[in-house]
Amino acid sequence: MSESRGRRVEKGTGDVKAGDVSDVKEWGKKIARMIREEVEGEDEIRIMHLCGTHEDTITRYGIRSLLPENVKLLSGPGCPVCITPDSDLQMVFHLLENRDVILTTFGDMARVPYMGKTLFSFRGERDVRIVYSIFDALEIAKKEGKDVVHFGIGFETTMPSTALAVLDDVENFYVFSSHRYFIPAMDYLLSLGEARIDAFINPGHVSTIVGVKAYEEITEKYRVPQVIAGFEPNDVLLAVLMLVKAVKKLRAGEETELLMNEYTRAVTYEGNVRAQKVMDEVFGRDDWEWRGLGLVPSSGAPISEKYSEHDAFKVFEDVFEDFTPEEDPRKRACRCGEVLRGLVTPRDCPLFMKSCTPRDPVGPCMVSFEGTCSIWAKYGEYSF
Amino acid sequence: MCLAVPGRVVEVEYPFAVVDFKGARRKVRIDLLDDVKEGDYVLVHVGFAIQKVEKSEAEEIENFLEQLAFKA
């Protein structure tokens, strides 16, 4: 195990050699020490990660506490359930109230409250089923013959599976696409400038699909350092080390590599080209709203015209004719949106661990196991 | 949501394969990948194999996920 750690460190920084430390913990300490040395006297460096699983690693292993004061790790909009706006959920509720369909979705989404209700709470009066994979939803459609609507959420990691399901062309199977492209959100956050992001830790498994190449547009446009990182504590620490080095060089006006891949064991330059093709075939692009971010240009993934017979928006068009989005007053004090933009931490929210807990969540950041609030609650990051 | 779990392909019946996740077997779709064979290690996300990985790398990821699951 230490050998491969060493290999990766060598690849990442060029000045830590393989095999000189045998223990994983020692590696972690060594990388943390190198980060501290690197940033001594440096102005604050703000690094945003974009994945709930990264937040889990960071919080579980107390990585923030290993870093010096002037290196800040922010969590970004890396939780698909969290960034799905209430209006999407409200539309699905509306569909369920007006049509007798079987609705399938992933577990976390079914627990997000809107106006005091969740998809779970529809069970009993409506047929709502939790699936592990969209393929299970397809099987239900084939076996039961009734109309099945899959509430599809997720970034590019999940979108190819939805695309394949659509391409299977099962007559009574429809997708309510709430899928969103991830990179437009990075672009949008940088264009807002409010979180003062100096560098990004990019998500490992989104990158498995889109490849390193997909981030080149961000590099070209903003010259912000990015590292695609794996999910172990040393992956994250190593990514931080690579990023602080790059930020320092940039600030000094020196040449530096801006787009780096630490997760070489799963991510290639091209990514999964076949998955990209099926995604392009089935989905279009549109300006869609994200919770916390508002309207993000080119971030929405509607089912394209060619496959509209499987698009729940189109097929059940008449249901949505009288639809008006309404704000849920229960969420007025919820700061999930600002948590997703990296502006505040869960601790800054007046509801956190008071009226909003994992057992009785108010906002989706506390519902999803990838939500920052839920992760901080789980590991007790609230005793201060 | 975006987590992918590594497993070993034990039987291929295109576009499906039975994948062994440390003893637990599940049918997954493999048509997002080229040329998946028995014995290959794949990363699986929501029932779809999204990437082939080396055995050693699969084991590393597996060990880490185990820590996440059991040592909370």
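FYI, it's all coordinate maths here, none of it is from the lab. Fair warning: this is a prediction, and the values are worked out from it, not measured in the lab. Please note: Cβ atoms are built from the backbone with ideal geometry, for glycine as well, and neighbour counts cover all protein chains shown.
Could you grab the relative contact order for the stretch A:286-384? Cα pairs under 8 Å, six or more apart, rounded to a whole percent. Don't skip to the end; give the middle numbers.
Working: 94 pairs, mean separation 17.0, N = 99.
Relative contact order comes out at 17 percent.
Could you line up A:106, A:200, A:320 from fewest to most neighbouring Cβ atoms inside 10 Å? Kindly include the intermediate steps, with their values, before the conclusion.
Values: A:106 22, A:200 27, A:320 14.
Lowest count first: A:320, A:106, A:200.
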Problem - Share antiparallel - DSSP beta bridges, the protein assembly as shown, percent rounded to 5 - result: 45
Fill in the blank from the handout: the stretch A:192-227 scanned against label point 7 Å out from residue A:251 along Cα→C-beta; backbone N under 12 Å for A:198-199
Exercise for the section: Of the options A:334, A:352, A:301, report the single residue whose Cα projects farthest towards the positive end of the charge dipole of the stretch A:265-384 (beta-carbon charges: Lys, Arg +1; Asp, Glu -1). Expected result: A:352
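Plugging the Kirkwood radius over Cα pairs into Stokes-Einstein for the stretch A:217-293, at a temperature of 25 °C and a viscosity of 0.890 mPa s, what D comes out in µm²/s?
Values: Rh = 15.0 Å.
Reported coefficient: 163 µm²/s.
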Fill in the blank from the handout: Proxy exposure order for A:306, A:30 (fewest C-beta within 10 Å first) is A:306, A:30
Practice task
In debye, nearest 20, what is the charge dipole magnitude of the protein assembly as shown about its Cα centre with +1 on Lys and Arg Cβ and -1 on Asp and Glu Cβ, if you could check?
Solution key: 1460
Practice task
Averaging sequence separations of C-alpha pairs under 8 Å and six or more residues apart, then dividing by the length of chain A, give the relative contact order as a whole percent.
Solution key: 21
Practice task
Working from Cα positions, state the angle (0 to 90°, nearest 10) between the long axis of helix A:86-98 and the longest principal axis of chain A.
Solution key: 20
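Tell me which GluC sites (Glu not before Pro) from the stretch A:255-299 have a DSSP coil assignment and no more than 15 other beta carbons within 10 Å of their own.
Details: sites: A:255, A:257, A:262, A:270, A:281, A:289; in loops: A:255, A:257, A:262, A:270.
When the GluC sites (Glu not before Pro) of the stretch A:255-299 are filtered for loop state and at most 15 Cβ neighbours within 10 Å, A:255, A:257, A:270 remain.
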Practice task
Figure the gain on full extension for residue A:314 and residue A:132 (residue separation times 0.36 nm, minus the Cα-Cα span) and round it to one decimal in nm.
Solution key: 63.0 nm
Handout entry: Simple spin-label estimate for residue A:33 and residue B:56 in nanometres, 7 Å along Cα-Cβ
Key = 2.6
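When a/c is below 1.5 the answer is rounded, else prolate if a/b is larger than b/c, else oblate, so apply that to the stretch A:275-324 with a ≥ b ≥ c taken from the square roots of the Cα gyration tensor eigenvalues. Spell out each step's value before the answer.
Values: a/c = 3.08, a/b = 1.05, b/c = 2.93.
Oblate, because a/c is 1.5 or more while a/b does not exceed b/c.
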Exercise for the section: Compute the separation of the alpha-carbon centres of the stretch A:117-166 and the stretch A:284-330 and state it in Å as a whole number. Expected result: 17
Handout entry: Computed helical MRE - 222 nm, chain A, DSSP H runs ≥ 4 contributing -39500 (n - 2.57), nearest 500
Key = -11000 deg cm²/dmol
Practice task
Would you please classify the overall shape of chain A from the alpha carbon gyration tensor, given that a ≥ b ≥ c denote the square roots of the eigenvalues, rounded means a/c under 1.5, and beyond that prolate means a/b larger than b/c while oblate covers the rest?
Solution key: prolate
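Using the number of other C-beta atoms within 10 angstrom as an exposure proxy, rank A:365, A:82 with the fewest first. Each step should come with its number before you reach the end.
Working: A:365 34, A:82 29.
Fewest-to-most ranking of A:365, A:82: A:82, A:365.
Which value, in debye to the nearest 20, describes the size of the charge dipole of chain B about its Cα centre when Lys and Arg Cβ atoms bear +1, Asp and Glu Cβ atoms bear -1, and nothing else is charged? It would help to have the intermediate numbers written out before the result.
On the way: 10 positive and 14 negative charges, 68 e Å.
In debye, rounded to 20, chain B gives about 320.
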